[in-house]
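To keep things clear, I will list the structure first and then write my remarks on it.
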Amino acid sequence: MKNVEMLLEIEALTENLTKHFANNNLLKIKVLYFISQYENLSVSMIIEKLGLKKSNFALMTKELENEGLISSKQGEIDKRCRLMALTEKGKNELASYMKNLKSFFEDSNSNIENAVETLCQYLNKKI
C-alpha cells in the first residue's frame, strides 16, 4: 500500500476506535483534548489544529461551556482573542475517556508505541 492509502486507512480505523470510547461523540473529546493540550492558545490556533470551521467550533464550545466542561476568557494582551481552558469537570471527562482508551492499548509493545509516536511527529511537522 502506498503511504497515502495507508494514512487514509489509519485515519478511518483510529476514528472508529476512538468513537467507540467516546460514545459516538468524538468531536467533543477532540475539542476537550486539544484545549487541554493547547491551553491559553487562541481559538483560531486550536481551530487550525482540529481542522474545523470557525462556526462549527463556536457551536461546539458553546455546548461545552453550557455543560460546564470548558471556560473561556478574553486574552490579556489582545482583547479580541479568546482563550479556552478545561474546568475540573472537563478534565475529569477527558481523563475518563483517556483511561478507557489506554486500557484498550495495555497489551501494546514498544514497536507499536514507537510507530505511533513517529507517525504523530511526522504528521505534526507536515501539517
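A few comments on the model shown:
- Among the residues of the range 98-121, those identified as surrounded by 11 or more Cβ atoms within 10 Å (Cβ to Cβ), within 24 Å of LEU7 (Cα to Cα) and not charged (D, E, K, R) are MET98, LEU101, PHE104, PHE105, SER108, ILE112, ALA115, VAL116, LEU119.
- Selection from the range 1-36 of residues that are in contact with a Lys or Arg (Cβ under 8 Å, 6 or more places away or on another chain) and closer than 16 Å to ALA85 by Cβ: PHE34, SER36
- So ILE77, is it over 26 Å from ASN3 (Cα atoms) and either among the β-branched types (Val, Ile, Thr) or touching a residue at least 60 places away in the same chain (Cβ under 8 Å) (or both): yes
- Restricting the range 83-109 to residues that are free of Cβ contacts under 8 Å to residues at least 60 places away in the same chain, among the polar types (S, T, N, Q) and in a helix (DSSP H, G or I), the residue that is farthest from LYS30 (Cα to Cα): SER103
- The listed residues are LYS30, LYS54, and the only one of them that is closer than 28 Å to LYS126 by Cα, surrounded by 14 or more Cβ atoms within 10 Å (Cβ to Cβ) and of a type in the set (D, E, K, R) turns out to be LYS30.
- Against the criterion of being surrounded by 11 or more Cβ atoms within 10 Å (Cβ to Cβ), touching a strand residue (DSSP E or B) at 6+ places or on another chain (Cβ under 8 Å) and closer than 18 Å to ASN124 by Cα, ILE46 qualifies.
- Sole residue being surrounded by 11 or more Cβ atoms within 10 Å (Cβ to Cβ), among the hydroxyl-bearing types (Ser, Thr, Tyr), touching a strand residue (DSSP E or B) at 6+ places or on another chain (Cβ under 6 Å) and at pLDDT 80 or above, chosen from THR87, THR61: THR87
- Selection of first residues in the range 1-25 that are at pLDDT 85 or above and of second residues that are surrounded by fewer than 13 Cβ atoms within 10 Å (Cβ to Cβ), restricted to Cβ pairs under 9 Å at least 6 apart or on distinct chains, gives the following pairs, ordered by first then second residue: GLU9/MET1.
- The one condition in (1) free of Cβ contacts under 8 Å to residues at least 12 places away in the same chain; (2) of a type outside the set (S, T, N, Q); (3) in a helix (DSSP H, G or I) that LYS28 fails to fulfil: (1)
The values are calculated or read from the model by the stated rules, or taken from the named source; none is laboratory data. From a predicted model like this one, the values you see are computed outputs, not experimental measurements. Here Cβ is always computed from backbone atoms with ideal geometry, including for glycine, and neighbour counts include all displayed protein chains.
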